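Below is one structure; the comments refer to it alone.
The values are calculated or read from the model by the stated rules, or taken from the named source; none is laboratory data. All values reported here derive from a predicted model rather than from experimental measurement. FYI the Cβ positions are ideal-geometry reconstructions off the backbone, even for glycines, and counts take in every protein chain you see. Surface areas here come from the heavy atoms of the whole protein model, side chains and all, with no ligands, DNA or RNA. Shrake-Rupley method; radii C 1.70, N 1.55, O 1.52, S 1.80 Å.
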Amino acid sequence: MPTQAKQQNQSISGFEPYQAVKGEEYMGKPMRAHFTKILNKWKQDLMQEVDRTVDHMKDEAANFPDPADRASQEEEFSLELRARDRERKLIKKIDKTLQLIEDEEYGWCESCGVEIGVKRLEARPTADMCVDCKTLAEIKEKQVGK
Ligand SMILES: [Zn+2]
């Protein structure tokens with residue numbers, strides 16, 4: 001192999017953007033493998049993050065005899081816990097997405113059925129709607145969610 005160009009514009013969690021072969025089938029086997037790898041790596045990172053926080057909280061919880069210190073500490077913990085809660089939800093979503101890939105249903109808009117597209121999926125691997133439907137859904141959510 002001669003000179004391999006160094007790819008600097010890396011995508012999520014250090015993955016290089018997918019290079020489709022000309023005429024390649026959308027969400028064929030290589031593409032599915034690519035996104036499975038991204039999602040698994042992402043999930044691993046999230047799970048490590050959750051573990052780290054739990055350890056960190058165990059270490060620090062005992063160190064604040066002063067009630068005022070403890071109060072601010074608890075506040076910090078509850079913020080962290082909320083962040084962890086979001087991560088756990090994200091992990092669930094990643095699992096759901098991995099299942100979609102396995103079922104070969106990944107990559108199409110849940111709402112209108114068009115191809116979501118490799119670029120959008122690399123930026124947001126758990127996306128289940130195309131940009132148009134997502135935008136519409138967000139507008140509707142804002143109108144209802146009050
Ligand atoms: Zn759509």
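Structure data summary
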item	result
Subset of the stretch 106-128 [within 20 Å of Trp42 (Cα to Cα) and within 15 Å of the ligand (Cβ to nearest atom)]	Tyr106, Gly107, Ile116, Gly117, Arg120, Leu121, Arg124, Ala127, Asp128
The one condition in (1) at pLDDT 80 or above; (2) open to solvent by less than 70 Å² (accessible area, probe 1.4 Å); (3) not in a helix (DSSP H, G or I) that Lys22 fails to fulfil	(2)
Subset of the stretch 33-50 (residues that are without any contact (Cβ under 8 Å) to a residue 24 or more places away in the chain and of a type outside the set (Gly, Ala, Ser))	His34, Lys37, Gln44, Gln48
Qualifying residue in the stretch 34-44 (condition: surrounded by 13 or more Cβ atoms within 10 Å (Cβ to Cβ) and either among the aromatic types (Phe, Trp, Tyr) or more than 26 Å from Gly117 (Cα to Cα) (or both))	yes
Cβ-Cβ under 8 Å pairs, at least 6 apart or on other chains, the stretch 129-140 side of a type in the set (Asp, Glu), far side in a loop (DSSP other than H, G, I, E, B)	Asp132/Cys112
Near pairs, Cβ below 9 angstrom, 6+ apart or cross-chain, from the stretch 98-119 (assigned to a helix (DSSP H, G or I)) to any residue that is open to solvent by 90 Å² or more (accessible area, probe 1.4 Å)	Gln99/Glu105
Matching residues, the stretch 129-146, being part of a helix (DSSP H, G or I), within 11 Å of the ligand (Cβ to nearest atom) and not hydroxyl-bearing (Ser, Thr, Tyr)	Val131, Asp132, Cys133, Lys134, Leu136, Ala137
Any hit, the stretch 131-144, residues being surrounded by 16 or more Cβ atoms within 10 Å (Cβ to Cβ) and closer than 28 Å to Pro30 by Cβ	yes
Residue match in the stretch 48-61 (condition: aliphatic (A, V, I, L, M) and either open to solvent by 70 Å² or more (accessible area, probe 1.4 Å) or closer than 20 Å to Ile116 by Cα (or both))	no
Verdict on Glu102 being touching a helix residue (DSSP H, G or I) at 6+ places or on another chain (Cβ under 9 Å) and surrounded by fewer than 12 Cβ atoms within 10 Å (Cβ to Cβ)	yes
Residue within the stretch 66-79 that is among the aliphatic types (A, V, I, L, M) and open to solvent by 100 Å² or more (accessible area, probe 1.4 Å) present	yes
